[in-house]
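Here the structure comes first, spelled out in structure tokens, and everything after it is commentary.
What follows draws every value from the coordinates through simple rules; no lab data is involved. Source: prediction; values computed, not measured. We place every Cβ from the backbone using ideal geometry, glycine too, and count neighbours over all the protein chains shown.
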Amino acid sequence: MLVLDQVGFQINGRSILKGVSLELASGQHLAIMGPNGAGKSTLLSLIMGDTRVTSGCLTVFGKTPSDFQPLERAQRIAALSQSSELRFPFTVEEVIGLGRYPFQGKPTSGEKIVREVMDALQLNAFAQRSMLSLSGGERQRVHLARAVAQIWSSPVPALLLLDEPFAALDIAHQVGVRRLLAQVLAAHPVSIVSVVHDLGQATQGYDQVCLLTAQGQQLAFGSPSAVLTPVHLSELYGIKISEMRYADGTPAGFGAAPAAHIEGSFT
Amino acid sequence: MKLWLWFAVLVFAWALVFVLSLGSGYTDVNLGDIWRQGSLTQTVVGEVRLPRAILATLLGGGLALAGAGIQGVFRNPLADPALIGISGGAALFAAIYIVFVSQMGFSLVGLSGSAFLGGLIATLLVLLIGGRQPDLSTILLAGIAINAICLAGVGLMSYLAPDQTLRSVSFWALGSFNHIGWAEVSVGLLVIPAMLRLISLSLVLDVLILGDREAAHLGVSVIPRRIEVILWSALITGISVSLVGIIAFVGLIVPHFVRMTFSAKHVFVLPFSAIIGGGLLVAADLFSRSLLAPIELPVGIVTTLLGAPIFVILVARWSKGLWL
């Protein structure tokens, strides 16, 4: 459903992205990782069609993203951007309900969808709260819920783009969001592309990983076990990165501390 | 729906103020005489008070609704047609029309049209300077600057104006219902289609408040819709300024009150603002002609004296991150 072939993006003669090639099937979750300024968010806006690729070829559902009509696109691609500032006292339920805007006039039982998404993200207790009274992490969960509501129970294949969905969340809510995303992938014909930073959790729940260097070049693309190696990650971030393991030997993500302090000391 | 019950209460309150404003004033009348041919009541109410009350309803409702729309597209709850320069631009162009064009033949529609054009140009300037910044202060500062330039222009016009037009120019900066008759009401009716169109855009305004990118991702054509809302709001403001001058703060305070009291959803904010704004301006007009009767205060002074302190409180609370 998503194919990138040697995609590049330049702005004012400066290359932001170069040689990105990847393919994502329905029901899969792709993680885009890389250092700050690697062009990860730019890659998301290329997939969204907000900006056009300057070289290579990018198709979503067999079409160039900018060829979609605005409403048609909104019915198939939902996005969570990094910061969304809301200055008006909308309630949580109202904001999530706006995720159903592309389907107005269609019998899609929007209220039921909003309730299901609020259930899944444990937002029920907040339903009537004003957005202005929420903390940063709570707001982020509401906006995530809005994006999820947009593609929830989509009859046709849909795509969910998430820019740092875990950034402001505590570890319990990170787990909750992971569970929700797994639920979305299992129950609906949806694929997910996430920009993520947390190497500790990086191996969990992703089907594909794309690594971008600080220069915006694709370093590797493939399954997490093949791509996420200490060698790749150390090259990517320019510091020594080691794999951590629990005492029983199962992988526990990656860390930047000297290997001697990590290996074997994890229980 | 509980909120619509409140709406019925507000309609009733407006009707009460409306009838009260017909019945009170410098000339004592008995509203029971209203259907008696040739009675003093029929003349005073029919020729003076009724057109005033109708126009105050239309323009108060229109200004409050335009304020809500402007706040929506600027994503800024402290925006107001007067604060961001629409009213100033409209007043300047109205003054230019009075001083230079009306000597060749005055028409109320020409005056309204040039006020609309002035409001539009001022808005576009403010948008060009501060429209891309999500930050509150840029737009407000741009609006203040444009407003100051426009009001200086109005001052220049009144300096250039021959004596007999001087009063009519200076009145644009103050706002007054003093001269209102049925001709003004018929032009004022033009705000109704603009109000209805804005109400039909309620859901779009909700989505626009999430942010430009978010709205685009939800399938809204952001720039055409934003321009449309600004155009209809400028039309309402332009008509209003051309008929009664600048009436500040109605468009700011009323939608803010509705959002904090009833709902932030525009499907409620817009109609609630319209009925409250209409009632408020009828009341302000009644107040402005009763306080020092038989002297009549310009109604714009009343709304400013009422609205400015509330605005100060809002800004102070705003800086602490609170809604009133």
* To do: Taking the options B:L65, B:L59, B:L78, name whichever one is within 14 Å of chain A (Cβ to nearest Cβ) and within 30 Å of A:L86 (Cα to Cα).
  => B:L78
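Would you check if there is a residue in region A:14-27 being within 14 Å of chain B (Cβ to nearest Cβ), touching a strand residue (DSSP E or B) at 6+ places or on another chain (Cβ under 7 Å) and touching a residue at least 60 places away in the same chain (Cβ under 8 Å)?
Looking only at region A:14-27, we keep the residues that are within 14 Å of chain B (Cβ to nearest Cβ), and these are none.
Checked against the condition, which is being within 14 Å of chain B (Cβ to nearest Cβ), touching a strand residue (DSSP E or B) at 6+ places or on another chain (Cβ under 7 Å) and touching a residue at least 60 places away in the same chain (Cβ under 8 Å), region A:14-27 yields no hits at all.
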* To do: Given the conditions (1) within 11 Å of chain B (Cβ to nearest Cβ); (2) surrounded by 22 or more Cβ atoms within 10 Å (Cβ to Cβ), report the number of the one that A:V148 does not fulfil.
  => (1)
* Structure fact -> If you go through A:R73, A:R115, A:R129, the only one that is of a type in the set (D, E, K, R), within 22 Å of A:A158 (Cα to Cα) and within 14 Å of chain B (Cβ to nearest Cβ) is A:R73
* Can you work out which of the residues in region A:51-70 that are touching a strand residue (DSSP E or B) at 6+ places or on another chain (Cβ under 9 Å) and within 14 Å of another protein chain (Cβ to nearest Cβ) is surrounded by the most Cβ atoms within 10 Å (Cβ to Cβ)? => A:V60
* Give me a count of the residues in region B:202-215 that are more than 7 Å from every other protein chain (Cβ to nearest Cβ) and buried (at least 21 other Cβ atoms within 10 Å of the Cβ). => 4
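Being out of contact with any helix residue (DSSP H, G or I) (no Cβ under 6 Å at 6 or more places or on another chain) and buried (at least 19 other Cβ atoms within 10 Å of the Cβ) narrows it down to one of A:L121, A:L134, A:L162, A:L98, so name that one. If you could, list the steps in order and put the result at the bottom.
Numbers: A:L121 fails: out of contact with any helix residue (DSSP H, G or I) (no Cβ under 6 Å at 6 or more places or on another chain); A:L134 fails: buried (at least 19 other Cβ atoms within 10 Å of the Cβ); A:L98 fails: out of contact with any helix residue (DSSP H, G or I) (no Cβ under 6 Å at 6 or more places or on another chain).
Going through A:L121, A:L134, A:L162, A:L98 in turn, just one is out of contact with any helix residue (DSSP H, G or I) (no Cβ under 6 Å at 6 or more places or on another chain) and buried (at least 19 other Cβ atoms within 10 Å of the Cβ): A:L162.
Go over the candidates B:G88, B:G72, B:G153, B:G118 one by one and state the one that is assigned to a helix (DSSP H, G or I), touching a helix residue (DSSP H, G or I) at 6+ places or on another chain (Cβ under 7 Å), within 14 Å of another protein chain (Cβ to nearest Cβ) and not hydroxyl-bearing (S, T, Y). Lay out the reasoning, then the answer.
On the way: B:G88 fails: within 14 Å of another protein chain (Cβ to nearest Cβ); B:G153 fails: within 14 Å of another protein chain (Cβ to nearest Cβ); B:G118 fails: within 14 Å of another protein chain (Cβ to nearest Cβ).
It is B:G72.
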